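Single-structure report; data block below.
The values are calculated or read from the model by the stated rules, or taken from the named source; none is laboratory data. Bear in mind the structure is a predicted one, so any value in this text is a computation, not a measurement. Please note: Cβ atoms are built from the backbone with ideal geometry, for glycine as well, and neighbour counts cover all protein chains shown.
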Amino acid sequence: MRDTFLRAIEESGTVRRGDALLLAVSGGADSTALLIALHALRDELDLCLRVLHVHHGLRGEAAERDADFVRALAARYELPFELVRVDAKRAAREERQSLEEAGRELRYRALFAAAEHWEEERGGKVKIATAHTEDDAAETVLLQLARGSGLKGAAGIPAVRGRLVRPLLEVSRAEVEAFLGRQGQNYVEDESNATDFFARNRLRRDILPRFRSDINSEAVRHFARAGRYFREADEYFEALAGEKARLLVRREGGAVRLSRQALLSEPPIVGSYLLRHFLDAAGCARKDITSRHLEALRALAAKEHGKRIALPQGFLAERCGEALVLRRAEKSGKRESEEKPLPGPEVIAARSFPRTAGAEPPKDPYVQWFDSDKLPKRWEIRTRRSGDKIAMQGGGHKSLRALMTEAKMPLDSRDRLPLLVSETGELIWAVGLRSSAAYWVDETTTSISELRYEGEKG
């Protein structure tokens, strides 16, 4: 009789006859089970399998142990094995990322590079199989909801995304461990999974077990299923808004227009998707657009003529008659000429570390803590420009001018105030004065980036 675990993989639709699969194997329970299961299906489904393990340059001897384990596991099942060594600490430092984010990017970069190389060798498509489970999907949904994500973010982990496939996504972690028990197979444990530094670990070790025991034994499965529903809803609204945008969004020279009445007549959720297509038409990338920007655009549509708002990437939205108009903002020659030169980003010293319970932020106004996952990867230092605003706690923005006035900053100092801004122009930190609430450390933060200004002060 077919093992239920193997049957679940077959029924997932992620693995098809004749597939070439590059397996991402860490040596943990999930990826070990994935390797063994796909090997068991190899001959029946005519699969071509290879194993890749990424060594992140962290955890010392434990990481070497994990690499040796995966190498031996691949050899036992006579599968080609590749070890890729990366330097996550260096990448985190250079890209101003958390270790977790840097490690994830390096890991996927290694997987895609290896898959593309193999693809050239065999002259056929190669998929990358990762061992994300139903539990991972549920954790992602809850974390994203806790952080205020919309439908797209709360959709969790897709079973298929391009060449990435997740054959275990409808399999629970308990089912993984049961399968390994039936196989008599051991695995390695990453000791960092036993800490409470990270929000995901706290969910995994404390919160989700309580849902299972105190509320519903199938709670995790229901959370994961909700993620799939969110994805379906997101795809529906995306398609619906795309059809509407083709009728309502008009290009005029270097600007795009959207009927204010048409926007306001839509339910807010449809309107937010329509605004994203409006931004797409102008060339404003979605990666920097938050729900706050969309709310501001909708509010602008209902205001008096002549109001405008600045958006990331140098875009300006304004209400012109019965339309919202979006264009790239014209640079003000006057302000640009008055802008005082400042040293480059090297005057900012940065370090990242896990958030721990009870940790207190520094009192020095020239040292600030930020959420590593929220902080932009790249930033620059400049002086003020007309229209500069900073995000405030509870929503909304306050002009930099007003903040300077409230702080009773001397007039002759205002044009010299160092401002840390994203590559899209969004204000992150008015050094020594205030940081943007959009990047503050909160209860969902898992990793902190400490930025220290080491340039001329005051």
Members of segment 34-80 that are part of a helix (DSSP H, G or I) and of a type in the set (Phe, Trp, Tyr): Phe69
Go through (1) modelled with pLDDT of 95 or more; (2) under 27 Å from Asp135 (Cα atoms); (3) surrounded by fewer than 18 Cβ atoms within 10 Å (Cβ to Cβ); (4) not acidic (Asp, Glu) for Leu49 and report which single condition fails. (3)
Restricting to segment 299-345, and then to whatever is in contact with an Asp or Glu (Cβ under 6 Å, 6 or more places away or on another chain) and farther than 24 Å from Arg378 by Cα, can you tell me which residue is modelled with the lowest pLDDT? Arg308
Closer than 26 Å to Phe230 by Cβ, modelled with pLDDT of 95 or more and either of a type outside the set (A, V, I, L, M) or not in a helix (DSSP H, G or I) (or both): does that describe Pro209? no
Members of segment 16-33 found to be outside any loop (DSSP other than H, G, I, E, B) and either in contact with a Pro (Cβ under 7 Å, 6 or more places away or on another chain) or of a type in the set (Ser, Thr, Tyr) (or both), listed by number: Ser31, Thr32
Please enumerate the residues belonging to segment 253-268 that are free of Cβ contacts under 8 Å to residues at least 40 places away in the same chain and surrounded by fewer than 18 Cβ atoms within 10 Å (Cβ to Cβ). Gly253, Leu264, Ser265, Pro267, Pro268
Would you tally the residues in segment 259-304 being polar (S, T, N, Q) and in a helix (DSSP H, G or I)? 4
Looking at Thr405, Thr424, Thr444, which one is in contact with an Asp or Glu (Cβ under 7 Å, 6 or more places away or on another chain) and either touching a residue at least 24 places away in the same chain (Cβ under 8 Å) or surrounded by fewer than 18 Cβ atoms within 10 Å (Cβ to Cβ) (or both)? Thr424
Considering every residue within segment 62-80, establish whether at least one is within 26 Å of the chain's Cα centre (by Cα) and not assigned by TED's automatic domain parsing to the domain that holds Thr445. yes
